[in-house]
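The values are calculated or read from the model by the stated rules, or taken from the named source; none is laboratory data. Quick caveat, the model's predicted, so the values are computed rather than measured. Here the Cβ positions follow ideal geometry from the backbone for every residue, glycine too, while neighbour counts run over all protein chains shown. For accessibility, only protein heavy atoms count, side chains too; no ligands or nucleic acids. Shrake-Rupley method; radii C 1.70, N 1.55, O 1.52, S 1.80 Å.
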Amino acid sequence: MRNLIATKFGGTSMADAGQFRRVKNILLADPRRRFVVPSAPGRRFEGDAKVTDLLYECHRKLMLGESYEDTFARIAERYLSIARELELDYDIRPELEEVRRNIALLKSPDYTASRGEYLCGRLLAAYLGWEFVDAAEIVRFDRQGSFAAEWTNDCARERLAPLTHAVVPGFYGSFPNGEIHTFSRGGSDISGAIVARAVGADLYENWTDVPGFLMADPRVVQDPRPIHELTYRELRELSYMGAPVFHEDAIFPVRKAGIPTCIRDTNDPSASGTLIVDRADAPADCPITGIAGQKHFSLLSIEKTMMNSELGFGRRVLQALEENGISFEHLPTGIDSMCVIVRDEAIAASRDRVIERIKELVRPDSIDLVSGLALVATVGRGMKGAPGVAASLFGALAAAGVNVRMIDQGSSEMNLIVGVVEEDFEKAVRAIYDAFVTK
Ligand code: ADP
Ligand code: ASP
Ligand code: MG
């Protein structure tokens, strides 16, 4: 029997008054749900704006010397309409006014962006009649911006333990001097995991707008199957490779504390969702667990005869990247050639410098940088030791007319990553999905 459940609701779950009502119903349906972490209101319909995006826009306009009043008015109206429709006694206008002033006063992108969750938390606390605990009090980053996990856990535990119920806004915390700092985008998932660990929850429920973690991106594959059980390792591979449904760093607090996580659908609470656990048996029917991918990678290929016997060759190539502050994603290597995959945005500003430096350091026969690559990761604990998985995957890609530019298999045998040109991305994902799932 699980006695305490920490919950997190994503942007679409907090998008308007109707969604607030759903959230309240879900919370009240189970008295074990005593702690809730909301995101900022997300999109209400196709083409709508997320409050977080509007807040970043305010900051951008401010920095360009333009007025952000119109954008801010759109944000304010999102909160005011929720308060109005829910007929809340709580008057959010003074908070909105303070935020509007502080955006200009502090000129901090993190402060500005964090107010989406802060204001949403204020409204939700008023609506539920639960205590509001500002994340700035309990989530701490060190001066370098790294998340201070243990300080946070001790502080959050002490602050939250005496409370029967609380609302803690997601996405942000503070530096030791009190200044606001945010996690990366999608970071409310991390905040939810932090609260789950701090209160000693038996379960972390992450409520979103899809019926669980799906086998592929529903924007690419029509009606992909939900994954019933996912391990933390698989989840991290899929999230890092582009499935945004759960932030790849959110697993750390819960895994450490042995708390299972469940991804559930706010719009369909009767669906069981996806349970994320430390270990699970391989599924009997399908060797793969899921597929995820992303566009916008560059492939740096370096050729030099006898490269394999040149001591320090690889280190010098990577040194050129390191000197330019670029981290690499994959490193498939042959006898006379070495490839490095990096994100387009990571290398864009320094591509010429990097190429010149590599030429200086390793004197290659040729060096070539091609952008416009997409990576597709096929992940599954059932792939290990299962013969024929690669054959089916490459057979499906060949049948779909997709040319594979790069192949990388993690040593865990739990993921197989292929690089294809961006135009083939969707086709590649669908071909792999059909090969293993639809068949
Ligand atoms: P939230 O605002 O609730 O945190 P996100 O927008 O961050 O939700 O993530 C949920 C979205 O992720 C879904 O609406 C879906 O379009 C997208 N998505 C991409 N890949 C997957 C996947 N494999 N499983 C589920 N959702 C996915
Ligand atoms: N609101 C933030 C974002 O849009 C954080 C989150 O939703 O998790 O990235
Ligand atoms: Mg999210």
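Within the range 138-190, which residues are in contact with a Lys or Arg (Cβ under 7 Å, 6 or more places away or on another chain) and within 15 Å of ligand 1 (Cβ to nearest atom)?
The answer is Gly170, Ser188, Asp189.
Working carefully through the options Leu4, Leu54, find the one that is within 25 Å of Gly129 (Cβ to Cβ) and either in contact with a helix residue (DSSP H, G or I) (Cβ under 9 Å, 6 or more places away or on another chain) or touching a residue at least 60 places away in the same chain (Cβ under 8 Å) (or both).
Step by step, each of Leu4, Leu54 is checked, and only Leu4 is within 25 Å of Gly129 (Cβ to Cβ) and either in contact with a helix residue (DSSP H, G or I) (Cβ under 9 Å, 6 or more places away or on another chain) or touching a residue at least 60 places away in the same chain (Cβ under 8 Å) (or both).
If I go through the range 6-21 residue by residue, how many of them are crowded, with 18+ Cβ neighbours inside 10 Å, part of a helix (DSSP H, G or I) and either within 16 Å of ligand 3 (Cβ to nearest atom) or basic (Lys, Arg) (or both)?
Counting residues in the range 6-21 that are crowded, with 18+ Cβ neighbours inside 10 Å, part of a helix (DSSP H, G or I) and either within 16 Å of ligand 3 (Cβ to nearest atom) or basic (Lys, Arg) (or both) gives 4.
What pairs come out if I take residues in the range 196-220 that are at pLDDT 95 or above and pair them with residues that are assigned to a loop (DSSP other than H, G, I, E, B) and of a type in the set (Ser, Thr, Tyr) whose C-beta lies under 6 Å away, six or more apart or interchain?
Qualifying pairs under 6 Å: Trp207/Thr266.
Identify, by number, the condition in (1) part of a loop (DSSP other than H, G, I, E, B); (2) open to solvent by 60 Å² or more (accessible area, probe 1.4 Å) that Gly200 doesn't meet.
So the condition that Gly200 fails would be (2).
Of all residues in the range 168-206, how many are within 30 Å of Ile103 (Cα to Cα) and hydrophobic (A, V, I, L, M, F, W, C)?
Result for the range 168-206: 9.
Can you pull out every residue in the range 246-260 that is open to solvent by less than 10 Å² (accessible area, probe 1.4 Å), within 16 Å of ligand 3 (Cβ to nearest atom) and in a loop (DSSP other than H, G, I, E, B)?
Matches in the range 246-260: Phe246 only.
Return the residues of the range 412-439 that are open to solvent by 20 Å² or more (accessible area, probe 1.4 Å), part of a loop (DSSP other than H, G, I, E, B) and over 20 Å from Pro218 (Cβ atoms); say none if nothing qualifies.
Correct list: Ser412, Glu413.
Condition first: in a helix (DSSP H, G or I) and either touching an Asp or Glu at 6+ places or on another chain (Cβ under 9 Å) or in contact (Cβ under 8 Å) with a residue 40 or more places away in the chain (or both). Now tell me which residues in the range 85-98 satisfy that.
Glu85
Could you count how many residues in the range 81-108 are within 18 Å of Leu124 (Cβ to Cβ) and open to solvent by less than 100 Å² (accessible area, probe 1.4 Å)?
Selection size over the range 81-108: 12.
Could you say which residue among Ile194, Ile227, Ile259 is within 16 Å of ligand 2 (Cβ to nearest atom) and either hydrophobic (A, V, I, L, M, F, W, C) or over 30 Å from Glu158 (Cβ atoms) (or both)?
Going through Ile194, Ile227, Ile259 in turn, just one is within 16 Å of ligand 2 (Cβ to nearest atom) and either hydrophobic (A, V, I, L, M, F, W, C) or over 30 Å from Glu158 (Cβ atoms) (or both): Ile194.
Evaluate the range 173-188: report whether one residue or more is surrounded by 16 or more Cβ atoms within 10 Å (Cβ to Cβ), within 15 Å of ligand 2 (Cβ to nearest atom), in a helix (DSSP H, G or I) and in contact (Cβ under 8 Å) with a residue 40 or more places away in the chain.
Within the range 173-188 (the criterion being surrounded by 16 or more Cβ atoms within 10 Å (Cβ to Cβ), within 15 Å of ligand 2 (Cβ to nearest atom), in a helix (DSSP H, G or I) and in contact (Cβ under 8 Å) with a residue 40 or more places away in the chain), the answer is yes, since at least one residue qualifies.
How many residues does the range 223-262 hold that are within 18 Å of Val139 (Cβ to Cβ) and among the aliphatic types (A, V, I, L, M)?
Residues meeting the conditions: 5.
Looking only at the range 380-401, which residues are under 10 Å from Glu413 (Cβ atoms) and in a loop (DSSP other than H, G, I, E, B)?
Matches in the range 380-401: Gly380, Lys384, Gly385, Ala386.
Looking at Lys24, Lys61, can you tell me which residue is assigned to a helix (DSSP H, G or I), away from ligand 2 (no atom under 16 Å from the Cβ), of a type outside the set (Val, Ile, Thr) and touching a Leu at 6+ places or on another chain (Cβ under 7 Å)?
Going through Lys24, Lys61 in turn, the sole match is Lys24.
How do the pairs read when you match residues in the range 290-319 that are under 16 Å from Pro332 (Cα atoms) and open to solvent by 70 Å² or more (accessible area, probe 1.4 Å) with residues anywhere that are of a type in the set (A, V, I, L, M, F, W, C) and part of a helix (DSSP H, G or I), using Cβ under 8 Å and keeping only pairs 6 or more apart or on different chains?
Pairs that qualify, where the first residue is under 16 Å from Pro332 (Cα atoms) and open to solvent by 70 Å² or more (accessible area, probe 1.4 Å) and the partner is of a type in the set (A, V, I, L, M, F, W, C) and part of a helix (DSSP H, G or I): there are none.
Would you say Arg264 is at pLDDT 95 or above and either within 19 Å of Ala196 (Cα to Cα) or within 16 Å of ligand 2 (Cβ to nearest atom) (or both)?
yes
Condition check ((1) open to solvent by 20 Å² or more (accessible area, probe 1.4 Å); (2) among the acidic types (Asp, Glu)) across all residues:
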| residue | (1), (2) |
| --- | --- |
| Arg279 | yes, no |
| Asp285 | yes, yes |
| Glu322 | yes, yes |
| Leu331 | yes, no |
| Val340 | no, no |
